[in-house]
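Q: Below you will find the structure I want to go over with you.
Only the coordinates and a few stated rules stand behind these numbers; no lab work does. Note that the structure is predicted; figures quoted are calculated from it, not measured. Here the Cβ positions follow ideal geometry from the backbone for every residue, glycine too, while neighbour counts run over all protein chains shown.
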Amino acid sequence: MQVDGRPTRSCVTPVGSVRGQKVTTLNGLGTAARPHPLQTAYIAEQVPQCGYCISGWMLTAAALLRDTPRPSDTQIRQALAGIKCRCGTHMAILRAVKRAAGSKA
Ligand code: FES
């Protein structure tokens, strides 16, 4: 999730600690009619496997692209460091973030 636009790990964040702040989940990133460029890129790159990790990756990458619209590979890797995908989709995720960075939102 994002809390006031900051990527935040929901699994270690008590709900009471975000009282009064804007919380954005994957459902708030885009809509079916107007998906976020990352959502479009994830589909194009066939990223999701089980999908368990997708919220963390996508909301962190969305914050990166908002703050750094054309990130380098190093910036992408640094922003996403520490997030794990048990299904091993890391390279597809990197391609999707780069694809989204190249799109016109
Ligand atoms: S898609 Fe399964 S853990 Fe990432």
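Q: With θ set to phi - 60° and the Karplus curve 6.51 cos²θ - 1.76 cosθ + 1.60, what are the ³J(HN,Hα) couplings of region 65-79 in order, to the nearest whole Hz, using x for Gly and Pro?
A: Here the 3J(HN,Hα) series is 5, 5, 7, 9, x, 10, x, 6, 4, 5, 5, 5, 5, 5, 5 Hz.
Q: Magnitude of the Cβ-charge dipole of region 2-103, K/R +1 and D/E -1, about the Cα centre, nearest 20 debye? Let's see the in-between values first.
A: Numbers: 13 positive and 4 negative charges, 12 e Å.
The dipole of region 2-103 has a size of about 60 debye.
Q: Counting pairs of Cα atoms in the chain, how many percent are more than 24 Å apart?
A: The answer is 18 percent, as a whole percent.
Q: At I43 and Q75, where each label point lies 7 Å from the Cα along Cα→Cβ, what is the point-to-point distance in nanometres?
A: The two pseudo-label positions are separated by 2.7 nm.
Q: How far, in nm, would the chain grow between V3 and A33 when pulled straight, counting 0.36 nm per residue and subtracting the alpha carbon separation?
A: Stretched fully, the V3-A33 segment lengthens by 8.4 nm.
Q: Rounded to the nearest 0.05, what FRET efficiency do Y52 and V15 give with R0 = 25 Å and r taken as the Cβ-Cβ distance? Could you check?
A: Given R0 = 25 Å and the Cβ-Cβ separation, E is 0.80.
Q: Right, next: Compute the signed sum of charges (Lys and Arg +1, Asp and Glu -1) over the other residues within less than 15 Å, Cβ to Cβ, of Q75.
A: My count for the surroundings of Q75 gives +2.
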